[in-house]
Amino acid sequence: IALPPSEVPSKSKVVWEKFSHHSKFQRKLYHFGTFPQDFSWGVSSSAYQIEGGWDADGKGPSIWDVFTQTPGNTPADATGDVACDSYNRLDEDLYMLRALRVKSYRFSLSWSRIFPDGTRSSMNQKGVDYYNRLINGLLANKITPMVTIYHWDLPQALQDRGGWENVDMIDIFNDYCDFCFATFGDRVKLWMTINQPHSIAWLGYGLGTIPPSIKNPGISPYIVAHNLIKAHAKAYHTYDDKYRTSQGGLVSIALNADWIEPKDVNVLREVRAADRALQFQLGWFAHPIFKNGDYPDAMKWQVGNKSELQDLSESRLPSFTEEEKNYIKGTADMFCINHYTTKIASHVTGQLSPYSYEQDRDLSETEESDSPTTDIKNQRAVAWGLRRLLNWIKEEYGNPQIYIAENGVATKSSTMWDDSTRVFYYKTYIDEALKAYELDGVRVNGYIATSLMDSFEWLNGYKVGFGLHHVDFSNTNRPRTPKYSAHFYYYVIKDNGFPRPDDEKIYYYEKYINQVLKGIQVLSWNTFKTRAERKTKCSKMFYCLLVFLKRLRPRN
Ligand code: NOJ
C-alpha cells in the first residue's frame, strides 16, 4: 500500500516541534543502552576509492579514471590508479574486517571491471572472479556482504553515449544489475542499487564538480534523477520477478541527507524552508520510492512555479505517468541512509536566472556554527542531527527499517594512530542512533562506519581519510594500520552499543534501592490504616521492585 503524498510542509515537521526546543544540555545528554541482538554492525568502502588496478586484467576505464588522469582535477593530481591496491590485497582487507569483528561489509562493484564497456557483451571473467573471491572470503569469515552495485564509477563507454541523461541507461543499468543478481545473488542477500543518486544528479550534472562534470544546474539534474529513479525501480522489479523467490534477499538504494534545522523554529516560513530542503535532497528520491511513486508536492510546486515565471512551456521537473508511479512506489525493502552533518536553512527567494535546482528551493543553507568543525569544509560534527533525521524518516516514510549505510568523519591523512576526534564523532553519533532506537522507537537495523580504511577521497584526493585504518600511500605495499577508532569501534560492536558500566549502575539504581528499602521499612501491616491504602502502598513498592529487577537484568 502506498503512503499518501507529503503535505507542504510535511506532517513530519513534528520532529522540529519535538526536538528543536531541547536545551544544549538535553541534546548532549549521554544515553546508555544497547541495540537489538541481531543489529548489523559494519564498515564500508567503494570500488574506485580502494581497488586500484584501474586497467588490470581487462578492466575498462570509468569516468573517474578519465577525470583523475586529467591533470588539474584533484589535489596533487591524485588518482585511483592504485589507491589502497585492494584488487591485489584482498586478504589484507579481509584480515582487517575479521579483526574488527564486523557483522557486515559494504563494498561496491566496479561496473567497468565486470563489463569493460558497460554492457554484457564485454563481460570480463577476471573481474567477476575478484568479486567472487571477496564474497566467498567474507562468508568464510561469517561477514555479511552488502553490495552497492553502482557507486559513481560509470564506465566511460556509457558516458560517451550520454551517461545518465540518456534514457537508454535504464535498460543498460538493469541488465548490469540482472547479471550481478544472477552471478552473486546466491551469496549476496543485501543489495543497494545506486549510491547517493543526489550527488550523481547534482554534483555530476548540475554543479559539475564531479565527473561527468556537466554544468547544467536547472535542467540536467532533474533529467538524470528521473532516469536514475526509473533505473533503480527497474532493477528492483527484475530482482522481484527473477530472483527473489530463489534468493530471498533485500534490495534498496543508498540515499544521502544532511539534517536540516530551521533558522528559527518558531517562524513557520523557516520551518517550511527546512522542510523544503529535506524534500529537495532526500524526498526527491525517497518520496517516489517510499511513498507514492511521485516527487514531493513541495518540489512540484517550486519547480513548476519557477518554470512558469521563466516563461517555459512546461516544468523543468519531469513528470511520471500513472503507470510509472505504480511501477516506482514501494521499490525498496529497507531505508538506507548516508549521513554526515547538519545544516541550518532559512527562507530566501531564489533567482530566476540562470535556471538552477539550488535556486528552485527558495532557501539558503549555512553551517551549524555551534558544533565542531572537521577536516572537510562544511562538514561539522553535529551528532544530535542524526537522531532528528532518523525520527524524520520514521515519520515521513511510515516507520521503515533503517540502515545507517554511511556515517563517519575525515581526519588529515597524516593521522596515523591518534584519531580521537573520530572516536568522539562515532561515540556521539552512534549514541544518537541509540536514542532514536531506544527512546523514539525508530527501527534502526544497522550501522555502517565509513570507512574501513583511508582511501581515495574523491575531490579531496589523499589529503584526508575517513578510515578506521591508516594506509601509507607512499609505500608500494600500502600497509594498513589500525587507528585508535578501530579499537574503539571493536568494543562498540562487542558491547552492541553502550551498556551502562557497573560503577555507574550503583548511582543510577540508588533511587530504586532507596524506594525499595523505604517500602520494606513500612512493611508492617499496621502502618496502613485502610485496605485501599494498603493496596496502593504495596503495589507501588512491588512496582519499584520489579523496575529494579528489570533494570538489573543483563540485556544480551
Ligand atoms: C559519500 C560517498 O558515498 C563516499 O564514497 C565518501 O567516501 C563519503 N561520502 C565521504 O565523503
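The values are calculated or read from the model by the stated rules, or taken from the named source; none is laboratory data. It should be emphasised that the depicted structure is a prediction, and the values quoted were computed from it without experimental measurement. When we count neighbours, we look across all protein chains shown, and the Cβ atoms used for this are built from the backbone with ideal geometry, even at glycine. Ligands, DNA and RNA are excluded from the accessible area calculation, which covers all protein heavy atoms including side chains. Shrake-Rupley method; radii C 1.70, N 1.55, O 1.52, S 1.80 Å.
Got a sec? Which of D472, D419 is in contact with a Lys or Arg (Cβ under 8 Å, 6 or more places away or on another chain), without any contact (Cβ under 8 Å) to a residue 40 or more places away in the chain and not hydroxyl-bearing (S, T, Y)?
Exactly one of D472, D419 is in contact with a Lys or Arg (Cβ under 8 Å, 6 or more places away or on another chain), without any contact (Cβ under 8 Å) to a residue 40 or more places away in the chain and not hydroxyl-bearing (S, T, Y), namely D472.
All but one of (1) touching a residue at least 24 places away in the same chain (Cβ under 8 Å); (2) surrounded by fewer than 24 Cβ atoms within 10 Å (Cβ to Cβ) hold for P71; state the number of the condition that does not hold.
Among (1) touching a residue at least 24 places away in the same chain (Cβ under 8 Å); (2) surrounded by fewer than 24 Cβ atoms within 10 Å (Cβ to Cβ), P71 violates only (1).
If you check Y425, Y397, which single one turns out to be within 16 Å of the ligand (Cβ to nearest atom) and of a type in the set (F, W, Y)?
The conditions single out Y425.
Residue-by-condition table, conditions (1) within 16 Å of the ligand (Cβ to nearest atom); (2) under 30 Å from N141 (Cβ atoms); (3) open to solvent by less than 10 Å² (accessible area, probe 1.4 Å):
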site	(1), (2), (3)
D171	no, no, no
D186	no, yes, no
T209	yes, no, no
P221	no, no, yes
H226	no, no, no
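Let me confirm something: among D375, D362, which residue is modelled with pLDDT of 95 or more, within 16 Å of the ligand (Cβ to nearest atom) and in contact with a strand residue (DSSP E or B) (Cβ under 8 Å, 6 or more places away or on another chain)?
The match here is D375.
Do any residues in the stretch 108-122 that are within 12 Å of K59 (Cβ to Cβ) and open to solvent by 10 Å² or more (accessible area, probe 1.4 Å) have Cβ atoms under 7 Å from those of residues that are among the polar types (S, T, N, Q) and in a helix (DSSP H, G or I), where the two are at least six apart or on different chains, and which pairs are they?
Here the result reads P116/S122, each pair linking the stretch 108-122 to a residue that is among the polar types (S, T, N, Q) and in a helix (DSSP H, G or I).
So, in the stretch 478-496, of the ones that are part of a loop (DSSP other than H, G, I, E, B) and of a type outside the set (S, T, N, Q), which residue ends up least open to solvent (accessible area, probe 1.4 Å)? I'd like the intermediate steps shown before the answer.
Residues of the stretch 478-496 that are part of a loop (DSSP other than H, G, I, E, B), as a first pass: 478-479, 483, 496.
The next check asks that each one be of a type outside the set (S, T, N, Q); those that pass are 478-479, 483.
Numbers: R478: 31, P479: 47, K483: 0 Å².
For the stretch 478-496, the residue satisfying everything is K483.
Taking the stretch 49-108, which residues are on the phi > 0 side of the Ramachandran plot and not hydrophobic (A, V, I, L, M, F, W, C)?
G52, G53, D57, G58, G72, D77, D85, R101 - these are the residues of the stretch 49-108 that are on the phi > 0 side of the Ramachandran plot and not hydrophobic (A, V, I, L, M, F, W, C).
Can you tell me how many residues within the stretch 428-455 are within 15 Å of the ligand (Cβ to nearest atom) and part of a helix (DSSP H, G or I)?
Within the stretch 428-455, residues that are within 15 Å of the ligand (Cβ to nearest atom) and part of a helix (DSSP H, G or I) number 1.
Pairs under 8 Å by beta carbon, first residue assigned by the TED database to the domain that holds T79 and open to solvent by 10 Å² or more (accessible area, probe 1.4 Å) in the stretch 132-156, partner part of a loop (DSSP other than H, G, I, E, B) and away from the ligand (no atom under 16 Å from the Cβ), six or more apart or different chains?
If the second residue must be part of a loop (DSSP other than H, G, I, E, B) and away from the ligand (no atom under 16 Å from the Cβ), the pairs left are N136/R187; L139/R187; T144/K103; T144/K189; Q156/G60; Q156/P61.
Of the residues V303, V348, V267, only one is open to solvent by less than 20 Å² (accessible area, probe 1.4 Å), more than 28 Å from V188 (Cβ to Cβ) and out of contact with any Gly (no Cβ under 8 Å at 6 or more places or on another chain); which?
None of the other options fit; the residue is V303.
So which residues in the stretch 415-427 are charged (D, E, K, R) and part of a helix (DSSP H, G or I)?
R422, K427
With the stretch 156-259 as the region, which helices (runs of 4 or more DSSP H) entirely inside it contain at least 1 residues that are within 22 Å of the chain's Cα centre (by Cα) and farther than 22 Å from M334 by Cα?
Details: elements: 156-159, 169-184, 220-238, 244-247.
Because the criterion is at least 1 residues that are within 22 Å of the chain's Cα centre (by Cα) and farther than 22 Å from M334 by Cα, the helices (runs of 4 or more DSSP H) in the stretch 156-259 that meet it are 220-238.
Looking at the stretch 306-337, which of its residues are polar (S, T, N, Q) and open to solvent by 10 Å² or more (accessible area, probe 1.4 Å)?
Matches in the stretch 306-337: Q310, S313, S315, S319, T321, N326.
Name the pairs: first residue in the stretch 484-505 and on the phi > 0 side of the Ramachandran plot, second residue in a helix (DSSP H, G or I), Cβ to Cβ under 8 Å, at least 6 apart or on different chains?
G497/I430; G497/L434
Just checking, how many residues over the stretch 74-89 are in contact with a helix residue (DSSP H, G or I) (Cβ under 6 Å, 6 or more places away or on another chain) and hydrophobic (A, V, I, L, M, F, W, C)?
So the answer is 2.
So the check is Cβ under 8 Å with 6+ separation or different chains; which pairs have a first residue in the stretch 333-345 that's more than 15 Å from L390 (Cβ to Cβ) and away from the ligand (no atom under 16 Å from the Cβ) and a second one that's among the acidic types (D, E) and not in a loop (DSSP other than H, G, I, E, B)?
So the pair list comes out as I344/E261; I344/E365; I344/E367; A345/E261; A345/E270; A345/E365.
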